[in-house]
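See structure below.
The values are calculated or read from the model by the stated rules, or taken from the named source; none is laboratory data. The structure presented is a predicted model; accordingly, all values stated were derived computationally and were not measured. No Cβ is skipped: glycine too gets one built from the backbone with ideal geometry, and neighbour counts run over all protein chains shown. Only protein heavy atoms, including side chains, enter the accessible area calculation; ligands, DNA and RNA are left aside. Shrake-Rupley method; radii C 1.70, N 1.55, O 1.52, S 1.80 Å.
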Amino acid sequence: MRSRQTSFAYVGLSVLMTASLGGPVRAEPKTAAVVGVVELFTSQGCSSCPPADKLLKTYVDRPEVIALTLPVDYWDYLGWKDTFSNPRNTQRQRDYAVARGDGAVYTPQVVVNGRMHVVGSKQHEIDRALNKLKDQSPFTVPVRMVSDGDALVISIGSAKDGNPVSDATVWLAVVQKKGEVEVGRGENSGRNLTYFNVVREMSAVGMWNGEPDEIRLSRKSVLWRQTERCVALVQKGPGGPILGAAQWPEK
């Protein structure tokens with residue numbers, strides 16, 4: 001496991017798409033079947049990461065879990081620049097560390113539901129976190145994402161617990177289902193690595209205040225070369241708990 005102490009200056013994330021929050025709101029979506037979001041922070045320059053990258057595939061295959069790979073860039077100096085890395089992924093990992101208050105930033109790291117972090121290669125720890133949060137802090141916001149002609153529609157229902165929310169962000173992750181990389185230098189030199197559900201872009205597309213709402217996005221504008229999946233997350237504050245999630249297309 002690789003660890004690194006880093007500064008936690010918050011870098012604002014640019015909104016790359018325009019969402020229409022006005023207009024008629026569809027009927028409130030049914031409660032989402034998704035009960036967990038597993039975010040793996042990894043790097044092609046980290047020799048401890050390949051087992052975690054492989055393990056993530058088992059969570060991608062679970063219908064009740066949304067599993068995402070978020071490659072970071074802070075190991076690029078070791079001799080190999082991660083071909084999937086994005087500084088926004090690094091900032092998201094730092095935001096989580098700040099929100100939790102523990103400062104823990106390392107690879108491979110899994111963050112479950114925006115609340116708990118565990119070592120990304122330890123399946124029993126990931127499963128324990130998923131089960132604990134499902135029972136003690138379940139998702140409270142029903143979210144659904146569907147295709148409607150040329151549009152992707154994110155439907156968000158009212159909070160099941162009835163508590164008002166004032167600072168929840170709706171995030172859209174654009175995902176490449178699978179990527180293969182032949183590493184030429186660094187700690188994994190000579191290895192062919194496979195990644196699953198790689199986040200190629202994550203942007204804020206709206207705010208949610210606790211009332212039923214709908215966000216419509218141009219599918220052609222959202223999806224780009226090599227991306228085949230989108231994930232919507234409703235999340236409280238930078239690095240806060242995830243309140244609800246959905247993906248398109250469904251598994």
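At-a-glance table
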| read-out | value |
| --- | --- |
| Those residues of region 130-174 which are within 18 Å of VAL222 (Cα to Cα), among the small types (Gly, Ala, Ser) and open to solvent by 20 Å² or more (accessible area, probe 1.4 Å), in sequence order | SER147, GLY149 |
| Checking PRO29 against (1) more than 27 Å from PRO138 (Cβ to Cβ); (2) modelled with pLDDT under 95, the condition it does not meet | (1) |
| Output for region 221-237, where each listed residue is farther than 25 Å from TYR195 by Cβ and not in a strand (DSSP E or B) | GLY237 |
| Filter result (of a type in the set (S, T, N, Q) and out of contact with any helix residue (DSSP H, G or I) (no Cβ under 8 Å at 6 or more places or on another chain)) within region 60-105 | THR83, ASN86, ASN89, THR90, GLN91, GLN93 |
| Pairs where the first residue, in region 174-201, is touching a residue at least 24 places away in the same chain (Cβ under 8 Å) and the second is assigned to a strand (DSSP E or B) and among the polar types (S, T, N, Q), C-beta under 6 Å, 6+ apart | VAL175/ASN197; TYR195/THR69; ASN197/THR69; VAL198/THR69; VAL198/GLN176; ARG200/GLN176 |
| Residue list for region 88-122, filter: of a type in the set (Ser, Thr, Tyr) and either in contact with a Cys (Cβ under 9 Å, 6 or more places away or on another chain) or open to solvent by 10 Å² or more (accessible area, probe 1.4 Å) (or both) | TYR106, THR107, SER121 |
| All positions within region 70-87 that are buried (at least 19 other Cβ atoms within 10 Å of the Cβ) and either over 21 Å from GLY244 (Cβ atoms) or of a type in the set (D, E, K, R) (or both) | PRO71, VAL72, TYR74, TRP75, TRP80, ASP82, PHE84, SER85 |
| Candidate set: region 187-197, residues that are of a type in the set (S, T, N, Q) and closer than 17 Å to ALA67 by Cα; chosen: the one most open to solvent (accessible area, probe 1.4 Å) | THR194 |
| Qualifying residues in region 72-95 (those that are part of a loop (DSSP other than H, G, I, E, B) and without any contact (Cβ under 8 Å) to a residue 40 or more places away in the chain) - the one farthest from GLN109 (Cα to Cα) | LYS81 |
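Matching residues to (1) of a type in the set (Ser, Thr, Tyr); (2) open to solvent by 50 Å² or more (accessible area, probe 1.4 Å); (3) under 19 Å from LYS54 (Cα atoms):
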site	(1), (2), (3)
ARG185	no, yes, no
VAL199	no, no, yes
VAL205	no, no, no
GLU211	no, yes, no
ARG216	no, yes, no
SER221	yes, yes, no
GLU228	no, yes, no
